[in-house]
Amino acid sequence: MGYKLLIIDDETPVREAVVDIMELVEIEVLEASNGVEGIHLYKLYKEEIGAVLLDMKMPLMNGID
């Protein structure tokens, strides 16, 4: 089983770039546009997520939260 990457970033172009790069090496990416969505996805897929890439400064909830 390959692990998934969870990216949490409020900037769509950043998320799209990460997805494009990860597709080149066949890594599946889960995308969230804010911390609330990111936590929800993490709870759903925590057994499958191998790494989380997140923006430290976002509206609603920052990376530290």
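Read-outs: derived from the displayed coordinates by stated rules, not from any lab. Computed from a predicted structure; not experimentally measured. Here the Cβ positions follow ideal geometry from the backbone for every residue, glycine too, while neighbour counts run over all protein chains shown.
Structure values in brief
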{"item": "Simple label model, 7 Å out from Cα along Cβ direction - Y3 to A17, nm", "result": "2.4"}
{"item": "Under the Karplus curve 6.51 cos²θ - 1.76 cosθ + 1.60, θ = phi - 60°, whole-Hz ³J(HN,Hα) for the range 29-34, x wherever Gly or Pro sits", "result": "10, 9, 10, 9, 9, 7"}
{"item": "Amide hydrogen neighbours beyond the local backbone of L30, cut-off 5 Å, H modeled", "result": "L5, L6, I7"}
{"item": "The range 1-61 shape via C-alpha gyration tensor axes, a/c threshold 1.5", "result": "oblate"}
